[in-house]
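S.K.: A single structure is presented below for examination.
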Amino acid sequence: MDLAAHAVEGQFDIGQILLLLFVVVLFARALAIVFDRIKLPTVVGEIIAGVIIGNTLLYEVLHVEANFLFLELLAELGVIFLLFAVGLETRFSDLSRVGRTAIYVAVLGVIIPFASGYLIMVSLDNPPAEAMFIGAALVATSVGITARVIRDLRLTDTTEAKVIIGAAVIDDILGLIVLAIVSGVAEGGGLNILDIIIVAGMALSFVLAIILISTKVLPLTIKPQPADAAVCSTEHRRRGVSPLALAIIVCFGLSAMASVFGLAAIIGAFLAGMVFAEYKERWPCEESFESINELMTPFFFVFVGIQVSLAAFTDLWLLAFALGITAVAILTKYVGCGLGARSLGRRSASIIGIGMSPRGEVGIIVASIGLNVGVLTESLYAVVVFMSIATTLIAPPLLVRAFRRPASEGEGTS
């Protein structure tokens, strides 16, 4: 690719990109500080920074449309690094302790939203294929939003956090199956059971293989370190790859593999983080990685906000319908996931139900597929985008409040 030629044609302008980066980072940081001062989640401030950029003259001044793919790339890297950082604080052994609860949370958190969305749309005389896509959009969970709030509150070690993260991995596999079914029906292919089994098998095999290699194979290949070994010394880094470089290599590698297996790249990043969590004493990289994470993660949330078009909701009926779908989205995840976690107590079930409710970019992706295959109208697409953004904005404050609510007797967060 001839970058000089692109610059001449106006397709690549380093000046525009640097100005865009400056404003995005400045706005994200400024609003994050403001929201932190008023005791609200900083992630909401970063999303609102994106809403401001996307719905004012800044959109034109910063040439956001011309550099949209560049911003999208930064956003993807941001959420990948975020989930890797969450994985760094989670061991496979921690998830195994809450595995059964996470399965219940994920399964009920898929069935109840999908069934509710489908039945509501059918009752309003919408075609079945359209109703199925709305149901599929309600199934989606954007764990990146919840993960950021949990990290900001320093509650990654709680039982509720582990259940949410574990359920999100399972939810991604189940959501993939639902989307495969819905897409097949929408495109006139019917219900191909064999294709669904293959998709589910590949996704599950990838996750299980990473867990097996990390917990069973790697320990056999890694020599024990002497107790007084200086793993982070300059001499150690000179002789080989530094822990930070190795972490980024593994993060990108497993993220790419997850995409190949049909899973979200963030699932691969999360599993990569968990690999390093198992061996953090030998490969310490958390402290070095934190600065990268702090720089990159806000791009994801700003990008989510930029995609919010306030002009799409000048139609009051459409706005009312979008608000109704948003209420259904929150309620069905709260009830479904809360029921799955009821064995942990009412407070924990409430936290998990709220934590699984943000749809974020995952809901938007489902809506985009529905729009591309000609099933969803532009109005319904706008409704799903509204729901995805609204749940992303509403969930963090509710989650903070739920975590800070005093635990009833016998309902600790462990």
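S.K.: Here's a check for you: in the range 333-345, which residue that is closer than 16 Å to V139 by Cα and surrounded by fewer than 24 Cβ atoms within 10 Å (Cβ to Cβ) is nearest to the chain's Cα centre (by Cα)?
M.R.: Y334
S.K.: Picking from S255, S291, which residue would you name as being over 23 Å from D171 (Cβ atoms) and not basic (K, R)?
M.R.: That would be S291, the only listed residue that is over 23 Å from D171 (Cβ atoms) and not basic (K, R).
S.K.: Could you tell me whether the range 112-131 includes any residue that is in a helix (DSSP H, G or I), under 19 Å from T159 (Cα atoms) and touching a Lys or Arg at 6+ places or on another chain (Cβ under 9 Å)?
M.R.: Quick first cut of the range 112-131, residues in a helix (DSSP H, G or I) only: 112-123, 128-131.
Now narrow it down to the ones that are under 19 Å from T159 (Cα atoms): none.
Checked the range 112-131: no residue is in a helix (DSSP H, G or I), under 19 Å from T159 (Cα atoms) and touching a Lys or Arg at 6+ places or on another chain (Cβ under 9 Å).
S.K.: While we're here: For G175, which of the numbered conditions (1) within 19 Å of the chain's Cα centre (by Cα); (2) over 24 Å from S205 (Cβ atoms) fails to hold?
M.R.: It fails just one condition, (2).
S.K.: Further question on the same structure: Which pairs have Cβ atoms under 6 Å, sit 6 or more apart or on different chains, and link a residue in the range 101-112 that is under 17 Å from A161 (Cβ atoms) to one that is at pLDDT below 90 and among the charged types (D, E, K, R)?
M.R.: A106/D171
S.K.: Does F321 satisfy the criteria of being within 23 Å of L74 (Cβ to Cβ) and of a type in the set (A, V, I, L, M, F, W, C)? Lay out the reasoning, then the answer.
M.R.: Working: within 23 Å of L74 (Cβ to Cβ): no; of a type in the set (A, V, I, L, M, F, W, C): yes.
Here the answer is no, as F321 does not meet what is asked.
S.K.: Sort through V375, V328 and tell me the only one that's assigned to a loop (DSSP other than H, G, I, E, B) and touching a residue at least 40 places away in the same chain (Cβ under 8 Å).
M.R.: Selected residue: V375, the only one of V375, V328 that is assigned to a loop (DSSP other than H, G, I, E, B) and touching a residue at least 40 places away in the same chain (Cβ under 8 Å).
S.K.: Among the candidates L73, L58, L20, which residue alone is at pLDDT 90 or above, out of contact with any helix residue (DSSP H, G or I) (no Cβ under 6 Å at 6 or more places or on another chain), crowded, with 20+ Cβ neighbours inside 10 Å and within 17 Å of F301 (Cβ to Cβ)?
M.R.: So the residue among L73, L58, L20 that is at pLDDT 90 or above, out of contact with any helix residue (DSSP H, G or I) (no Cβ under 6 Å at 6 or more places or on another chain), crowded, with 20+ Cβ neighbours inside 10 Å and within 17 Å of F301 (Cβ to Cβ) is L20.
S.K.: Which one of F303, F299, F321 is modelled with pLDDT of 90 or more, under 30 Å from Y59 (Cα atoms) and within 16 Å of the chain's Cα centre (by Cα)?
M.R.: Details: F303 fails: modelled with pLDDT of 90 or more; F321 fails: within 16 Å of the chain's Cα centre (by Cα).
Exactly one of F303, F299, F321 is modelled with pLDDT of 90 or more, under 30 Å from Y59 (Cα atoms) and within 16 Å of the chain's Cα centre (by Cα), namely F299.
S.K.: Turning to a different aspect of this structure: Of the residues in the range 33-47, how many are modelled with pLDDT under 90 and either hydrophobic (A, V, I, L, M, F, W, C) or surrounded by fewer than 17 Cβ atoms within 10 Å (Cβ to Cβ) (or both)?
M.R.: Total satisfying the criteria: 9.
S.K.: Which condition number does N293 fail, the rest of (1) over 24 Å from E89 (Cβ atoms); (2) at pLDDT 75 or above being met?
M.R.: That leaves (1) as the condition not met.
S.K.: Please specify each residue of the range 306-318 satisfying the condition of being farther than 17 Å from V44 by Cα and either at pLDDT 80 or above or not small (G, A, S) (or both).
M.R.: F313, T314, D315, L316, W317, L318
S.K.: Since L82 meets every condition but one in (1) crowded, with 24+ Cβ neighbours inside 10 Å; (2) at pLDDT 90 or above; (3) under 15 Å from T297 (Cβ atoms), which condition does it not meet?
M.R.: For L82, the failing item is (2).
S.K.: Taking the residues in the range 114-147 that are among the hydroxyl-bearing types (S, T, Y) and out of contact with any Pro (no Cβ under 9 Å at 6 or more places or on another chain) as candidates, determine which candidate is nearest to A102 (Cα to Cα).
M.R.: At the first step, the residues of the range 114-147 found to be among the hydroxyl-bearing types (S, T, Y) are 116, 118, 123, 141-142, 146.
Now narrow it down to the ones that are out of contact with any Pro (no Cβ under 9 Å at 6 or more places or on another chain): 116, 123.
Working: S116: 21, S123: 32 Å.
This residue is S116.
S.K.: Let me ask you something else. For the range 298-312, check the following and say yes or no: at least one residue is touching a residue at least 40 places away in the same chain (Cβ under 8 Å), crowded, with 18+ Cβ neighbours inside 10 Å, touching a helix residue (DSSP H, G or I) at 6+ places or on another chain (Cβ under 7 Å) and within 28 Å of L204 (Cα to Cα).
M.R.: Checked the range 298-312: at least one residue is touching a residue at least 40 places away in the same chain (Cβ under 8 Å), crowded, with 18+ Cβ neighbours inside 10 Å, touching a helix residue (DSSP H, G or I) at 6+ places or on another chain (Cβ under 7 Å) and within 28 Å of L204 (Cα to Cα).
S.K.: Is it the case, given these coordinates, that I120 is surrounded by fewer than 24 Cβ atoms within 10 Å (Cβ to Cβ) and either farther than 21 Å from I267 by Cα or β-branched (V, I, T) (or both)?
M.R.: Answer is yes for this residue.
The values are calculated or read from the model by the stated rules, or taken from the named source; none is laboratory data. Quick caveat: nothing in here was measured; it's all calculated off a predicted structure. A quick note on method: Cβ atoms are made from the backbone with ideal geometry, for glycine too, and the neighbour counts reach across all protein chains shown.
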